[in-house]
1. Please turn the phi angles of the range 31-36 into ³J(HN,Hα) values with the Karplus equation 6.51 cos²θ - 1.76 cosθ + 1.60 (θ = phi - 60°), one per residue in order, whole Hz, x for glycine and proline.
2. Once you list every other residue whose beta carbon is under 15 Å from the beta carbon of Val45, what net charge do they have if Lys and Arg are +1 and Asp and Glu are -1?
3. Are there chymotrypsin sites (Phe, Trp or Tyr not before Pro) in the range 48-126 that DSSP marks as loop and that have at most 11 other Cβ atoms within 10 Å, and which are they?
4. Which far-off residues, 5 or more places away or on another chain, put their amide H under 5 Å from the one on Phe46, with H placed in the peptide plane?
5. With θ set to phi - 60°, apply the Karplus curve 6.51 cos²θ - 1.76 cosθ + 1.60 along the range 93-98 and write out the HN-Hα couplings as whole Hz, x wherever there is a Gly or Pro.
6. When the accessible area of the range 31-123 is computed with all protein chains present and a 1.4 Å probe, what percentage of it is carbon and sulfur?
7. Check cross-link reach from Lys47 to the aspartates and glutamates: straight Cα distance under 15 Å, and skip same-chain residues fewer than eight apart.
8. With a sphere of radius 13 Å drawn around the Cβ of Leu98, what net charge do the other residues whose Cβ falls strictly inside it have (Lys, Arg +1; Asp, Glu -1)?
Amino acid sequence: MKKGMTIIAGAFFLAAFMVLSVQSQEDMAEVDPSVFMNPQRPAAVFKHDEHNETAGIEECNECHHVYEDGKLLEYESSEDMRCGDCHGLEAEGNMPSLVKAFHGNCKGCHEKQKGGPIMCGECHVR
Ligand code: HEC
Ligand code: HEC
Ligand code: HEC
Ligand code: HEC
């Protein structure tokens, strides 16, 4: 009986956790800069779902990528991870540092597609 309750309680917490994490992505309005020890800039504006819809980005792994031995795995996604789970504050081999990873991803696409902000203050809005 006790064991059953534990399992039910566990399932409940897991469900609540999943709902919360889905919400945080939908409700995300900026990229949390707290992984940087001492952020110099205000958090960059990024309304996750709205941005990706407006920009017409279909694949999650356009940003949440996975590499193996330097090769991009086309069908894999790391959407359950934060960029900083792989990218350290310093570059490591071919893996750019976390700042360069963000700037390369965000600004890189904006420049390539000639859409989206590329000036510091347009993303790091005070
Ligand atoms: C344009 C780039 C981009 C695309 C496309 C994208 N994401 Fe994200 N996503 C991000 C960034 C940046 C973060 C914040 C990562 C961090 O804080 O390290 C994030 C965070 C998340 C989080 C974590 C939310 C949190 O607050 O912990 C989830 C879950 C997620 N994305 C799921 C998805 C899914 C599912 C898709 C596809 C439908 C997707 N993402 C497409 C850039 C993107
Ligand atoms: C599972 C680990 C992992 C996660 C999570 C991850 N990356 Fe990467 N990323 C890598 C590796 C490994 C490379 C180096 C690829 C190579 O060998 O060229 C890389 C390369 C890059 C590059 C340069 C090459 C390219 O693809 O443009 C950018 C920019 C980048 N990452 C941005 C991001 C962003 C932004 C996020 C979060 C949305 C993120 N990465 C999440 C592992 C990861
Ligand atoms: C794969 C391409 C791509 C990537 C990656 C990307 N963007 Fe964008 N972004 C766009 C395009 C295209 C637009 C213009 C959309 C429009 O308004 O037509 C845009 C618009 C924006 C805007 C202005 C409109 C809005 O949604 O407020 C902001 C801010 C922005 N991007 C921030 C970011 C940040 C921060 C990142 C990195 C975490 C990022 N973008 C990554 C393509 C991209
Ligand atoms: C397309 C959007 C975009 C543009 C343009 C941009 N950044 Fe960022 N930047 C980001 C994102 C996303 C991060 C990750 C942390 C966060 O959310 O602030 C970041 C992180 C940083 C960081 C590390 C965290 C901190 O606050 O110390 C610095 C420093 C920084 N940017 C400076 C700049 C400067 C200087 C410029 C102009 C030359 C610039 N950025 C332009 C999106 C952008």
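1. The phi angles translate into 8, 5, x, 5, 5, 7 Hz.
2. Working: positive: Arg41, Lys47, Lys107, Arg126; negative: Asp27, Glu30, Asp32, Asp49, Glu50, Glu122.
With Lys, Arg at +1 and Asp, Glu at -1, the net is -2.
3. On the way: sites: Tyr67, Tyr75, Phe102; in loops: Tyr75.
Sparse-neighbourhood loop chymotrypsin sites (Phe, Trp or Tyr not before Pro): Tyr75.
4. Those qualifying (amide H under 5 Å, at least 5 residues apart or on another chain) are Glu30, Val31.
5. x, 7, 7, x, 4, 4
6. Numbers: 3790 of 7250 Å².
Using a 1.4 Å probe with all protein chains present, the range 31-123 comes out at 52 percent carbon and sulfur.
7. Output for Lys47: Glu26, Asp27, Glu30, Asp32, Glu122.
8. On the way: positive: Arg82, Lys100; negative: Asp32, Asp85, Glu90, Glu92.
With Lys, Arg at +1 and Asp, Glu at -1, the neighbours total -2.
The values are calculated or read from the model by the stated rules, or taken from the named source; none is laboratory data. For clarity, every value in this text was computed on a predicted model and none was experimentally measured. Don't worry about glycine lacking a Cβ; one is built from the backbone with ideal geometry, like all the others, and counts go over all protein chains shown. All accessible areas refer to the heavy atoms of the entire protein, side chains included, with ligands and DNA or RNA removed. Shrake-Rupley method; radii C 1.70, N 1.55, O 1.52, S 1.80 Å.
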